[in-house]
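A short reminder: the numbers here are calculations on the coordinates, not readings from a lab. What you see is a predicted model; the values in this text were computed from it and never measured. Counting neighbours? That spans all protein chains shown, and the Cβs are built from the backbone with ideal geometry, glycine included.
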Amino acid sequence: MEILMRALKNLSTTEEFLEFFAVEYQPAVVHVNRLHILQRFHQYLRQAKLSTDCDEAEALETCRNLMEKAYQDFVHSSAVREKVFKVFRDAEGVKTVSVENVRAALSMRKQVA
């Protein structure tokens, strides 16, 4: 997998990754979602937990499949729906509040009243 890792370090754009892994793509999809596609690919790689001693061909095929999957996520969906980045998750308005924060707010409210 050492050879693959060296090759990946030389790639910088989404198009370069897609071309390296021979994934067919539509430029319009990539243009709008380039960072989202790479971030999703990174998320999939973390989940896959490839071992450093795995076979080069196996690692290449796994990475190719993950890149294809990351790209396809945005062919059939959108950045807003996929919520890869925190800003999109926050925009949905879903926030969590810890029980400790609620207790503190209630105790402050009682003190004021």
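Please work out how much length the chain gains when fully extended from Asn101 to Leu8, using 0.36 nm per residue of separation minus the C-alpha to C-alpha distance, in nm with one decimal.
Details: separation 93, 0.36 × 93 = 33.48 nm, distance 4.42 nm.
The span from Asn101 to Leu8 would gain 29.1 nm if fully extended.
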Please work out the FRET efficiency for the pair Cys54 and Glu24, using the Cβ-Cβ distance as r and a Förster radius of 35 Å; give the result to the nearest 0.05. 0.85
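Rank these for me by crowding, Ile3, Ile37, going from fewest to most other beta carbons within 10 Å. Working shown, then result.
Numbers: Ile3 10, Ile37 28.
By the 10 Å Cβ count, ascending: Ile3, Ile37.
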About its Cα centre, what dipole magnitude does the range 1-81 give when the only charges are +1 on Lys and Arg Cβ and -1 on Asp and Glu Cβ, stated in debye to the nearest 20? 480
